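> Take a look at this one; I'll ask things after.
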Amino acid sequence: MNNMQSKIDGPVRLVMYVAGTVTVLMMLHITADVFMRQVFNAPITGTFEIAANYYMVPVMYLPMAYVSLTEGQIIVELFTRGFSEKTLLKWDAVVHGLTVIYVLIFTFYTGDMAIEQTVTGEVMEVGDDFMAVWPSRWMLPIAFGMMALYHMVRMRQDVRRAGEIRVPISA
């Protein structure tokens, strides 16, 4: 593992743990709401809104970079199974590059939306009060940005490894 890889692995794993912690908090919150509703006929106000805006967003998007780190995404090798290791590394580098472009588009778009929602102070009506939801809008650019960063590192590694492989010259 090179230095760049080790620098990105820590933050990627950290946001995965954050997503796991948020999952536990969401379960506890919803359980408390159901308990309060069933036992005391007094549900916790805003449980649905908090779950939808503050729990589900990090649970869904923060683990994306971790899925890439652990190579948990679906990979179809129908056309590439006969390729040499060097050719596969080159193709992987191209795929990582395309992924970086695609994910950066999402990063910039969601970042722009997060800035807009922050400036306007996006809120949601909860019961007879308002709850700020603009902070949750920052989860997407963070998640997509980390994923783009990870794929940049992987692209660089694949290009470097492909350059190190020497193809034997046949007589």
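Nothing in this text is a laboratory measurement; each read-out follows from the coordinates by a stated rule. For clarity, every value in this text was computed on a predicted model and none was experimentally measured. For neighbour counting, all protein chains shown are included, and Cβ atoms are generated from backbone atoms with ideal geometry for every residue, glycine included.
> Please list, ordered by first then second residue, the pairs with beta carbon atoms under 9 Å, 6 or more apart or interchain, first in region 1-28 and assigned to a helix (DSSP H, G or I), second among the polar types (S, T, N, Q).
4/157; 5/157; 12/68
> Only one of these conditions is not met by residue 131: (1) assigned to a helix (DSSP H, G or I); (2) under 23 Å from residue 18 (Cα atoms). Which number is it?
Of everything listed in (1) assigned to a helix (DSSP H, G or I); (2) under 23 Å from residue 18 (Cα atoms), residue 131 misses just condition (1).
> Restricting attention to region 128-151, does a residue exist that is β-branched (Val, Ile, Thr), within 21 Å of the chain's Cα centre (by Cα) and over 29 Å from residue 4 (Cα atoms)?
The answer is yes; a qualifying residue exists.
> Against the definition (assigned to a helix (DSSP H, G or I), touching a residue at least 60 places away in the same chain (Cβ under 8 Å) and more than 16 Å from residue 65 (Cβ to Cβ)), how does residue 92 come out, yes or no?
yes
> One residue is enough: does region 54-66 have a residue meeting the conditions touching a Ser or Thr at 6+ places or on another chain (Cβ under 6 Å) and hydrophobic (A, V, I, L, M, F, W, C)?
Taking every residue of region 54-66 in turn, at least one turns out to be touching a Ser or Thr at 6+ places or on another chain (Cβ under 6 Å) and hydrophobic (A, V, I, L, M, F, W, C).
> Could you tell me which residue of region 50-71 is farthest from residue 165 (Cα to Cα), considering only residues that are without any contact (Cβ under 8 Å) to a residue 24 or more places away in the chain and part of a helix (DSSP H, G or I)?
So, considering only residues that are without any contact (Cβ under 8 Å) to a residue 24 or more places away in the chain and part of a helix (DSSP H, G or I), the one farthest from residue 165 (Cα to Cα) is 52.
> Still on this structure: Output yes when any residue across region 72-87 is of a type in the set (Gly, Ala, Ser) and not in a loop (DSSP other than H, G, I, E, B), and no when none is.
No, that holds for no residue.
> Looking at (1) buried (at least 19 other Cβ atoms within 10 Å of the Cβ); (2) within 30 Å of residue 53 (Cα to Cα); (3) more than 17 Å from the chain's Cα centre (by Cα); (4) not aromatic (Phe, Trp, Tyr), which one does residue 124 not meet, given that it meets all the others?
(1)
> Quickly run through region 34-49 and pick out the residues that are outside any helix (DSSP H, G or I) and either touching a strand residue (DSSP E or B) at 6+ places or on another chain (Cβ under 6 Å) or of a type in the set (Val, Ile, Thr) (or both).
Hits for region 34-49 are 44, 45, 46.
> Could you please give the count of residues in region 13-61 that are more than 26 Å from residue 71 (Cβ to Cβ) and of a type in the set (Lys, Arg)?
Summing the residues that are more than 26 Å from residue 71 (Cβ to Cβ) and of a type in the set (Lys, Arg) in region 13-61 gives 1.
> Looking at region 141-170, I want the residues that are more than 23 Å from residue 65 (Cβ to Cβ) and have a partner that is outside any helix (DSSP H, G or I) with Cβ atoms under 9 Å, at least 6 apart or on another chain. Which pairs are those?
From residues that are more than 23 Å from residue 65 (Cβ to Cβ), the pairs are 165/84; 167/84.
> Taking region 1-28, which residues are farther than 30 Å from residue 158 by Cα and touching a helix residue (DSSP H, G or I) at 6+ places or on another chain (Cβ under 6 Å)?
Across region 1-28, the qualifying residues are 22, 23, 26.
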